[in-house]
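Working notes, structure below.
The values are calculated or read from the model by the stated rules, or taken from the named source; none is laboratory data. Remember, it's a predicted structure, so these values are computed and weren't measured experimentally. Here Cβ is always computed from backbone atoms with ideal geometry, including for glycine, and neighbour counts include all displayed protein chains. Note: areas computed on protein heavy atoms with side chains; ligands, DNA, RNA excluded. Shrake-Rupley method; radii C 1.70, N 1.55, O 1.52, S 1.80 Å.
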Amino acid sequence: LPDRQSVAALCTRLLTVLFPGCFAPAGITTERDLSATTQHHLQHLQAQLIDLASRAQAHVAQRHGRDVNAAQVGAAASIDELLGELPTVAALLATDVAAAFCNDPAAPDHATIVLSYPCIKALAIQRFAHRLYRRQIAVLPRMMTEWAHECTGIDIHPGARIGQAFAIDHGTGVVIGETCEIGDRVRLYQGVTLGALVVQKSMHSK
């Protein structure tokens with residue numbers, strides 16, 4: 001199975017790719033540096049994703065008596081396809097940053113929001129993990145959003161569907177469940193739970 005340390009490294013790498021120059025180590029001074037650094041991290045991101053997704057799918061296949069090799073090949077193909085959606089994820093996150101800026105009179109600029117607002121980190125991980133979740137990659141999407149939860153205090157299930165321009169003010173104690181559907185231009189405050197308090201486990205597949 002994927003291990004927690006590798007998933008943490010994956011999430012950090014993902015943030016570096018989605019927000020070039022914001023999460024990478026110091027030393028980027030030119031556009032050429034930025035491009036080369038982003039390409040470097042993108043290649044490593046692909047390798048990390050294929051490794052962790054393959055491990056997760058192989059575990060599930062083995063448990064259910066299915067072809068482990070076929071599961072790993074399928075996971076690798078899904079990751080290649082998923083990486084093509086990174087520009088879409090980045091574009092959605094840009095609307096989230098803009099929404100946070102518009103809704104917070106204390107925000108001085110967009111860079112401050114990207115670097116210091118917990119909602120952006122939580123949304124970046126969830127929006128990408130959601131695409132893994134839709135492709136039925138086991139375990140990994142949930143581990144990614146739980147890493148973000150530990151870092152930010154914002155708990156968003158990878159199954160939740162979230163529209164563009166979503167802003168979470170402060171965010172501590174926010175819980176967004178698997179079946180939530182959030183439209184465009186929504187603002188949420190801290191300490192809010194969107195989801196059922198008690199649901200029978202037998203209802204999960206319905």
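Annotations for the structure displayed:
- Verdict on D96 being in contact (Cβ under 8 Å) with a residue 24 or more places away in the chain, in a helix (DSSP H, G or I), open to solvent by 70 Å² or more (accessible area, probe 1.4 Å) and within 25 Å of E150 (Cα to Cα): no
- Looking across A53, A8, A91, one residue alone is surrounded by fewer than 12 Cβ atoms within 10 Å (Cβ to Cβ) and either under 26 Å from G163 (Cα atoms) or basic (K, R) (or both). It is A91.
- Filter result for T145 (surrounded by 21 or more Cβ atoms within 10 Å (Cβ to Cβ), free of Cβ contacts under 8 Å to residues at least 40 places away in the same chain and in contact with a Cys (Cβ under 8 Å, 6 or more places away or on another chain)): no
- Residue among A100, A107 that is out of contact with any strand residue (DSSP E or B) (no Cβ under 8 Å at 6 or more places or on another chain) and over 17 Å from L14 (Cβ atoms): A107
- Looking only at residues of region 102-134 that are charged (D, E, K, R) and open to solvent by less than 50 Å² (accessible area, probe 1.4 Å), we find that the one that is farthest from T152 (Cα to Cα) is R131.
- Of the residues making up region 124-149, just one is in a loop (DSSP other than H, G, I, E, B) and either closer than 18 Å to V17 by Cα or of a type in the set (D, E, K, R) (or both), namely R135.
A quick yes/no check of all residues on (1) more than 21 Å from R127 (Cβ to Cβ); (2) among the β-branched types (V, I, T); (3) in contact with a Phe, Trp or Tyr (Cβ under 6 Å, 6 or more places away or on another chain); (4) at pLDDT 95 or above:
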| site | (1), (2), (3), (4) |
| --- | --- |
| Q5 | yes, no, no, yes |
| A9 | no, no, no, yes |
| C22 | no, no, no, no |
| T29 | yes, yes, no, no |
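- Single condition G65 does not satisfy, out of (1) more than 25 Å from L123 (Cβ to Cβ); (2) assigned to a helix (DSSP H, G or I); (3) free of Cβ contacts under 8 Å to residues at least 60 places away in the same chain: (2)
- Screening region 150-206 for residues that are hydroxyl-bearing (S, T, Y) and part of a strand (DSSP E or B) and picking the one that is least open to solvent (accessible area, probe 1.4 Å) gives T193.
- Matching residues in region 4-45 - criterion: being β-branched (V, I, T) and either touching a strand residue (DSSP E or B) at 6+ places or on another chain (Cβ under 6 Å) or closer than 25 Å to C151 by Cα (or both): V7, T12, T16, V17, T37, T38
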